[in-house]
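Asker: My questions all concern the structure below.
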Amino acid sequence: EKGTYPHYMLKEIDEQPAVVRKIIQHYQDEQGKLVIDRDIIDAVNASDRVYIIAAGTSYHAGLVGKQFIEKMAKIPVEVHISSEFGYNMPLLSEKPLFVFISQSGETADSRAVLVQVKEMGYPALTITNVPGSTLSREADYTLLLHAGPEIAVASTKAYTAQLAVLAILAEVTAKSRSLEVGFDLIHELGLVANAMDVLCDSKEILEVIAREFFSVTRNAFFIGRGIDFYVGLEGALKLKEISYIQAEGFAGGELKHGTIALIEEGTPVVALATQESVNLSIRGNVKEVVARGANPCIISMNGLNMDEDSFVIPEVHELLTPLISVIPLQILAYYAALHRDCDVDKPRNLAKSVTVE
Ligand code: F6R
């Protein structure tokens with residue numbers, strides 16, 4: 001039930017802090033340590049490479065998950081779009097573990113890959129929001145998102161839940177390999193949930209920004225470097241699927257290799273600046289587009305912010321920024337769609353779960 005909310009999407013955006021807290025609770029033992037079924041951790045440790053298979057928003061979560069697993073657990077990860085994988089299979093490592101990320105657990109493209117890799121005899125883990133879903137039943141192992149039903153077609157809380165569960169999977173694997181991750185994930189995820197509260201309370205400001213940047217434009221660009229790039233891909237998908245604005249996310253450094261040709265007077269360019277190591281270079285990209293007339297919307301993280309920024313998110317651990325930097329992008333997409341009179345919860349041409357290949 002959406003209660004007093006005008007749309008499920010807005011309700012689900014607001015549920016994100018509670019979902020992260022629930023995930024922390026669920027994956028914690030009595031001693032306050034993060035835990036995941038031993039079988040699953042053994043399967044990850046037995047593999048020499050993890051292959052993440054997913055579509056759409058879940059694919060974008062996979063791109064961030066790769067960073068978590070590689071940085072914390074030191075296992076190489078490849079991320080593949082499920083519809084491409086089947087006929088374009090990469091050379092596999094000796095001991096692959098397949099990880100399917102799917103909110104619904106019903107995506108046909110992902111299921112086709114699962115059937116294929118099971119036939120090849122490889123182990124598979126599904127990370128899903130729906131217990132008993134097809135992908136959960138057919139995989140060897142399941143990790144649940146505990147995000148509660150997601151009704152709006154545009155995925156919001158499932159994405160952040162996927163990131164939280166992937167971070168926990170990476171941390172627990174790292175610990176099992178006696179690797180030092182260098183921070184206390186439970187504590188940091190608690191700070192993430194608090195930061196999410198702050199962001200969910202910032203809707204008025206974001207509505208004004210959405211009006212300024214998106215009420216009339218035909219197109220929009222999202223740029224970032226490192227993990228900000230992946231969040232930009234998700235921001236662009238959110239915006240295009242519900243507001244029908246043509247939106248593209250790409251790596252800041254790629255601008256000069258073609259996309260900058262599209263910048264015109266007033267083109268909105270949303271730039272994410274949450275990573276210290278690339279803060280100056282992404283701002284250099286902003287200067288390049290501004291010089292060609294772009295309307296820049298810089299979303300930075302507290303501590304890295306500058307006067308010209310449109311919106312500043314609270315500071316969280318650098319690796320976990322995607323869990324919170326995505327929230328202003330979700331809210332901007334929501335208001336952009338609302339201002340353009342679009343059907344927020346049921347965008348045209350889209351279904352909540354895509355059960356055909
Ligand atoms: C976008 C969106 C879709 C899904 C995609 C995969 O907001 O919801 O891109 O992420 O169809 O769906 P699942 O995660 O159910 O496999």
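The values are calculated or read from the model by the stated rules, or taken from the named source; none is laboratory data. Since the structure is predicted, the reported quantities are computational estimates derived from the model, not experimental observations. Neighbour counts run over all protein chains shown; Cβ positions are idealised from the backbone, glycine included.
Asker: Which of (1) more than 16 Å from the ligand (Cβ to nearest atom); (2) under 30 Å from Leu350 (Cβ atoms) is the odd one out, the single condition Glu234 does not satisfy?
Answerer: Single failed check for Glu234: (1).
Asker: Quick one: is Val231 closer than 21 Å to Thr321 by Cα, surrounded by 23 or more Cβ atoms within 10 Å (Cβ to Cβ) and in contact with a Cys (Cβ under 7 Å, 6 or more places away or on another chain)?
Answerer: no
Asker: Quick check: is even one residue across the stretch 262-280 outside any helix (DSSP H, G or I), of a type in the set (A, V, I, L, M, F, W, C) and farther than 29 Å from Ala147 by Cα?
Answerer: yes
Asker: Out of the residues in the stretch 329-344 that are within 16 Å of the ligand (Cβ to nearest atom), of a type outside the set (A, V, I, L, M) and surrounded by 21 or more Cβ atoms within 10 Å (Cβ to Cβ), which is farthest from Arg111 (Cα to Cα)?
Answerer: Once the filter is applied, the top-ranked residue is Tyr334.
Asker: Now for a different question. Out of Arg211, Arg283, I need the residue that is assigned to a helix (DSSP H, G or I), under 26 Å from Asn302 (Cβ atoms), in contact (Cβ under 8 Å) with a residue 24 or more places away in the chain and more than 19 Å from the chain's Cα centre (by Cα). Which one?
Answerer: The match here is Arg211.
Asker: Provide a single number: the residues in the stretch 210-228 that are crowded, with 22+ Cβ neighbours inside 10 Å, over 8 Å from Gly249 (Cβ atoms) and β-branched (Val, Ile, Thr).
Answerer: 1
Asker: Hey, another quick one. Please work out which residue is surrounded by the fewest Cβ atoms within 10 Å (Cβ to Cβ), limiting yourself to the stretch 22-55 and to residues that are of a type in the set (A, V, I, L, M) and part of a helix (DSSP H, G or I).
Answerer: Ala46
Asker: Can you tell me which of Ile81, Ile101 is under 20 Å from Asn45 (Cα atoms) and within 16 Å of the ligand (Cβ to nearest atom)?
Answerer: None of the other options fit; the residue is Ile101.
Asker: Is it the case that Gly249 is touching a Leu at 6+ places or on another chain (Cβ under 6 Å) and either under 17 Å from Leu329 (Cβ atoms) or not in a helix (DSSP H, G or I) (or both)?
Answerer: For Gly249, the condition - touching a Leu at 6+ places or on another chain (Cβ under 6 Å) and either under 17 Å from Leu329 (Cβ atoms) or not in a helix (DSSP H, G or I) (or both) - is met.
Yes/no per residue for (1) more than 16 Å from the ligand (Cβ to nearest atom); (2) free of Cβ contacts under 8 Å to residues at least 12 places away in the same chain; (3) closer than 19 Å to Ser202 by Cβ; (4) of a type outside the set (A, V, I, L, M):
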position	(1), (2), (3), (4)
Leu262	yes, no, no, no
Arg292	yes, no, no, yes
Leu304	yes, no, yes, no
Val316	yes, no, yes, no
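Asker: Which one is surrounded by the fewest Cβ atoms within 10 Å (Cβ to Cβ), of the residues in the stretch 119-156 that are within 11 Å of the ligand (Cβ to nearest atom) and not in a loop (DSSP other than H, G, I, E, B)?
Answerer: Thr134
Asker: Hey, another quick one. How about the stretch 157-168: which of its residues are touching a strand residue (DSSP E or B) at 6+ places or on another chain (Cβ under 7 Å) and either away from the ligand (no atom under 15 Å from the Cβ) or modelled with pLDDT under 95 (or both)?
Answerer: Ile168
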